Amino acid sequence: MTWSHPRGYDPMVASASVWQERTGVAIAWDKRSLQDFESFPVEELARQYDMIVIDHPHVGQITAENCLTPLDVEGREDERRGLEDGSVGASYASYHYNGRQWAFPLDAAAQVLAYREDLLPAPPDDWQSLITLARAGRVMLPLRPPHNLMTFYTLAANTGSPCRNDGPGPLIDAADGMAVFEKLAELARLVPANNFAMDPIAVLEALAAPAPEAALSPYIYGYANYAIDGFRSHRLTFKDIPALGENGPCGSALGGTGIAVSAFSPNRQAATDYAYWVAGGAVQSGLYPEAGGQPGHDAGWSAEAVNVRTHDFYRNTRKTLETSYLRPRHDGYMRFQAEASEALNAALRDGAPPHATIARLNRLFEESF
């Protein structure tokens, strides 16, 4: 089971075809929506499928449920070392939890900046420049849960006050959190109201349309497909995020996907073999991006052909990826993410006081343990 976007589905189908030619093992991939990918219980999927493409914040939950098979099997240490050495930012580490490796990165992503180069010659690289463009009606921002919370994380870490991701306690210092919320609210007031119902795919589709209502999105998960000529009617260009603080484009909320193997599968060995292969540098720098995937391995991010095809998507956003923020991953986090995202959007829509908003986020986080 993977997710229903060409970036998530097409490379899995293409790799499965080659794998069958090589091994005789047939793999049939199903897909689900981005919203389901971000929220659907992994255990339910693990009871239906041999392999699942997952998001790293699920690892605490899946560890508690014992629904996935650890991939750090004996005798394959050299292969894993190659995957770890090839990690873009914390992609490999994000699937390591309680001393075990629960998935391998297939796809590396973080919030980056996307814009129409034909409509905006130079993107903003600081907050004030961004706000000036937003006041002119040129900015869109995906605010559909959980992406509103992802931007809160990004802004917090970018200012040097990252949200807690290492255990119980408040999510963020109250004063720091209020300052971040005020910045997010400032930007949210200046983007179209329909952005509260839009995820990154919806915003990217709107920006790539023939007559977009805006020219850029400053904090949005990067999709290399939209940087390829002919993928949509107009190509998008991707860059590092604009800096809110003095630390450059650091702190973007890490995304991406990993391939995991079900603990209930009768085909665990065959599934594990495929997972090692499809996450490896050879596939990630060739077959995977050629089929529309966004690699999670440095071999793909560094490949000249991959960068040429995407107008340097990977080179242009590499710094953001390498300095990204790793979300909490404890058992209970996914419930917090859902509840906090809804609470945050209600606060943004209603103009709630910053102190009450941060107090509620902190309370929800503390209750998630």
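The values are calculated or read from the model by the stated rules, or taken from the named source; none is laboratory data. Everything numeric here is computed off the predicted structure, so don't read it as measured data. A quick note on method: Cβ atoms are made from the backbone with ideal geometry, for glycine too, and the neighbour counts reach across all protein chains shown. Accessible surface is based on the protein model in full, side chains and every heavy atom, while ligands, DNA and RNA are left aside. Shrake-Rupley method; radii C 1.70, N 1.55, O 1.52, S 1.80 Å.
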Tally Lys and Arg at +1 and Asp and Glu at -1 over the other residues with C-beta under 12 Å from the C-beta of Thr159: what net charge comes out? -3
In terms of modelled amide H atoms, which long-range or inter-chain residues lie less than 5 Å from the amide H of Ser87? Asp298
Average Cα contact separation per residue, the chain, under 8 Å, 6 or more apart, as relative contact order %: 29 percent
Partner aspartates and glutamates for Lys31 [C-alpha distance under 14 Å; skip if fewer than 8 residues away on the same chain]: Asp10, Asp50
Ranking request for peptides 5-11, 250-256: highest mean number of other beta-carbon atoms within 10 Å first, then the rest in descending order. 250-256, 5-11
With the radius of gyration and the Kirkwood radius both derived from the Cα set of the chain, what is their ratio Rg to Rh? 0.96
Give the relative contact order (percent, whole number) for the range 1-123; include only Cα pairs under 8 Å separated by 6+ residues. 20 percent
May I ask you to derive the FRET efficiency for Glu205 and Phe369 from their Cβ-Cβ distance with R0 = 45 Å, giving the value to the nearest 0.05? 0.75
Cα pair count fraction exceeding 25 Å, expressed as % - the range 147-294: 47 percent
Residues in the range 2-27 reached by a label modelled at Asp273 [backbone nitrogen below 12 Å; 7 Å Cα→Cβ]: 19-26
Measuring from its Cα centre, the range 1-110 shows a charge dipole (+1 at each Lys and Arg Cβ, -1 at each Asp and Glu Cβ) which, in debye to the nearest 20, is 120 debye
Could you compute how much accessible surface His96 exposes when probed at 1.4 Å, giving the result in Å² to the nearest 10? 80 Å²
At R0 = 30 Å the Cβ-Cβ FRET efficiency linking Glu182 and Arg335, nearest 0.05, sits at 0.70
Give the residue list of trypsin sites (Lys or Arg not before Pro) in the range 41-109 that are DSSP loop and have at most 16 other beta-carbon atoms within 10 angstrom. Arg47, Arg76
Computed over the range 229-271, Cα set: Rg, Dmax in Å: 19.4, 52
Net dipole in debye of the chain [+1 Lys, Arg Cβ; -1 Asp, Glu Cβ; about Cα centre; nearest 20]: 580 debye
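Using a Förster distance of 25 angstrom, determine the FRET efficiency expected from the C-beta separation of Asn66 and Asp166, and round it to 0.05. Intermediate results must be reported in sequence, preceding the final value.
Working: r = 23 Å, r/R0 = 0.93.
The pair Asn66/Asp166 has a calculated efficiency of 0.60.
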Treating cross-link reach as a plain straight distance, find the lysines whose alpha-carbon is under 22 Å from the alpha-carbon of Lys239, omitting any fewer than eight places away in the same chain. Lys183, Lys319
Take each of the peptides 104-111, 229-236, 325-332, average the number of other beta-carbon atoms within 10 Å over its residues, and list them starting from the highest. 104-111, 325-332, 229-236
Carbon/sulfur fraction of accessible area - the chain, other protein chains in place, 1.4 Å, %: 49 percent
Would you mind calculating the relative contact order of the range 268-369 from Cα pairs under 8 angstrom and at least 6 residues apart, reporting the percent as a whole number? 17 percent
Return one whole number: the accessible area per residue of the chain in Å², for a 1.4 Å probe. 37 Å²
